[in-house]
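Data first, discussion second: the structure below is written as C-alpha cells.
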Amino acid sequence: MARTQPKQRYQSPELHALPAGPLERPPVAARRTSAMPMLAGHDVKALVARYGSPLCVVDESKLRTAYRKMIGAFRAAWPDTHIGCSVKTNYLSAVVAVLRNEGAWGEVVSGFEYRLCRDLGIPGSEILFNGPYKTDEDLELGFREGARMHLDSDDELERVIALSRTFDQPREVGLRCSIQLNYPPWDKFGFSLETEHALEAARAIAREPKLRLTGLHAHIGTYLPDPAVYGKAAEALIAFALRLERELGVEIGYLDLGGGYATRNTLHHTMLPGEALAVTAEDYAAAITGPLRKAARQFRRAPRLFLEPGRFLVDEAVSMITTVRAVKRGSGQQKAALVDCGVHILPTAYWYDHEIRPVEEKEGTLESYRMVGPLCMQIDCVRQSIVLPSLRAGDLLVIQDVGAYNFSQSMQFIYMRPTYVMAHERGVDVIRERESDAYVREPERLPEHLVNDETRGSILLRGR
Ligand SMILES: Cc1ncc(COP(=O)(O)O)c(C=O)c1O
C-alpha cells in the first residue's frame, strides 16, 4: 500500500550571486600591471598637473596608424576601397580632422554629423549618409550636395521619391540592406534581403525617372570579432547586386560593408580577454574581398568598396587619466577604489572591462578592487573587479582604449565633462575645453515671474 507523503509546500528556487573571484577569468590586470608613466610620449603626471583630472588624451599617431592599417590591408586586396570614418563613434572634431587628413571620407547618421564633416572641409560627395531617420532638411541637403544617401525605410523612400520630382537631373541613391546574420540580428535598419523587401524597394527606385540605384549598404552589427560574418554579408550583398544588375538593368557601382570591426577591448563576462580574440585588418580584408574578387567579373563594372569603421579607428587611440579619490573598505573582502571618472564620461564601462594601469610602479602586494566612479548612483562602476598594486587616494591610473562611444555618448551629470587633449610629437593641444557651469546653464531661461530680488544676480539674467 502506498504510503501517503506529507504534503510539502512548493518553494520557488532562489538565485544567489556567486562570490566574485575564482569563477572569473583571470583579471587582465594580473597579466599587465606594469605601470604607465608616459602616454603618447608625454609624462602623465605633468599632463594632469597642467590640465587636471580626469583628463582624456587622444594619441594622434595611434589614430593615424589604425587608419593606415585598415586602408592598407583592404587596398592591398581591393584597390578601389574607401573608408568613411563613423563620425558618431567619436565626434570630437580634431579626431575626425586627423582621419580626414589621412584621406578618410565621412560616415554620418544625422544633420549634426553631416555639418561637422562639411565644416572640416569634407565635401558632400565624400559623405556616406546613413541612419534610420533623416529629416527633410537632411535629405534635401545631402542630395543637393551629392552625398551618398542610403535609404532605410519605405517611408523614407516615399519622401525621397517626392523630393526627386524637384531634381533637375537624376540623382544616385543607395539602399541599406538588412541580413539575418548575427544574434540578435540587426534588423531595425534597412530593407530585408531575405523577405525580398529590398528587391521591392529596388524595383520602386528603378521606376523613378529621377533616381538611380547605384549602391548597396549593410552594417551588420558592432564589435564583431568573427571575420566570417563579414564574408557572409559580402556574399549576400554581391548576390543581390548581381541580381539587380541582371533583372533591373541597373549598375551597382559600390558596396558598403559598414563598420563593427572589433578592437582589443574585453566585453563583460567573456572567457577570453579581447586581446586574445582581436582580429587583424588583414583578416577582415580577406573575408570581405575574397567573395568580391571571385565575383568581380560578373559585375557590369567592378564595384567600389566602402567601409565605415568606427571603433577600429578610434578605440585604442584614446585613454582616460583618472585619480583615485578615496579607498573604501567595501562590504565584503573587496575594497572599493573611488575614482574621479564615472560612467557619465565612460559609458562603455557598462559593457567592457577596460584595461586600467597604474601610473607609478609600486612594490608590494596586489589587491582586488571594485572601481567605482564619483556619481551618486550605485551603477556608477568602472570595473567590477580589478587587481592592482595597493591604491591610495591621489594615485593616478590610466584607463585604456576608450575612444569609441565614450565622448559621443557621454552626459553631463553631476560633474562637467573634463578637458580633452590631443597628444602628438610636437606637443599637446586642448581639443575640448573643460565644461563650465555657464556652458551647461547657458541655454536655460528663467521665466519672468520667477525673477525677484534673490534671483536678480543670476547668470541666467545676463542681458536682461
Ligand atoms: C551605419 C553604421 N556604420 C558604422 C558604424 C560604426 O560601427 P563601429 O564603431 O562598431 O565600427 C555604425 C555604428 O553603429 C553604424 O550604425
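The values are calculated or read from the model by the stated rules, or taken from the named source; none is laboratory data. None of the values given here were measured: they were computed from a predicted structure. In this analysis, Cβ positions are derived from the backbone assuming ideal geometry, glycine residues included, and neighbour counts consider all displayed protein chains. Note: areas computed on protein heavy atoms with side chains; ligands, DNA, RNA excluded. Shrake-Rupley method; radii C 1.70, N 1.55, O 1.52, S 1.80 Å.
Data overview
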| quantity | calculated |
| --- | --- |
| Using distinct alpha-carbon pairs, which all enter the 1/r mean, Kirkwood radius of region 316-388 in Å | 12.8 |
| Within the chain: Cβ-based charge dipole about Cα centre, in debye rounded to nearest 20 (Lys, Arg +1; Asp, Glu -1) | 820 |
| Nonlocal amide H pairs with ARG304, under 5 Å, H built at 1.01 Å | TYR254, LEU255 |
| Long-range amide H partners of CYS341 with built H, under 5 Å | THR323 |
| Efficiency of FRET between LEU15 and TYR133 - r from beta-carbon atoms, R0 45 angstrom, step 0.05 | 0.70 |
| The chain - percent of accessible surface contributed by carbon and sulfur, probe 1.4 Å | 51 |
| Alpha-carbon centroid distance for the pair region 51-107 / region 219-278, whole angstrom | 19 |
| Span-like helix ranges in the chain, DSSP H, alpha carbon extent 18 angstrom or more, Kyte mean at least -1.0 | 60-77, 227-248, 281-295 |
| Of the trypsin sites (Lys or Arg not before Pro) in region 174-224, those whose Cβ has at most 14 other Cβ within 10 Å and which sit in DSSP loop | LYS188, ARG207 |
| For region 60-313, alpha-carbon Rg relative to the globular expectation (2.2 N^0.38 Å, N residues) | 0.97 |
| Accessible area (Å², 1.4 Å probe, nearest 10) - TRP186 | 90 |
| Rounded accessible area per residue of region 60-313, 1.4 Å, Å² | 42 |
| With all protein chains modelled, accessible area of ARG441 [1.4 Å, Å²] | 90 |
| Over 25 Å between alpha carbons, listed pairs LYS188/LYS210; LYS62/LYS88; LYS134/LYS294; LYS62/LYS362 | LYS188/LYS210; LYS134/LYS294; LYS62/LYS362 |
| Loop-located chymotrypsin sites (Phe, Trp or Tyr not before Pro) in region 326-420 whose Cβ has at most 14 other Cβ within 10 Å (DSSP) | TRP351 |
| In Å², nearest 10: area of MET271 left accessible to a 1.4 Å probe | 150 |
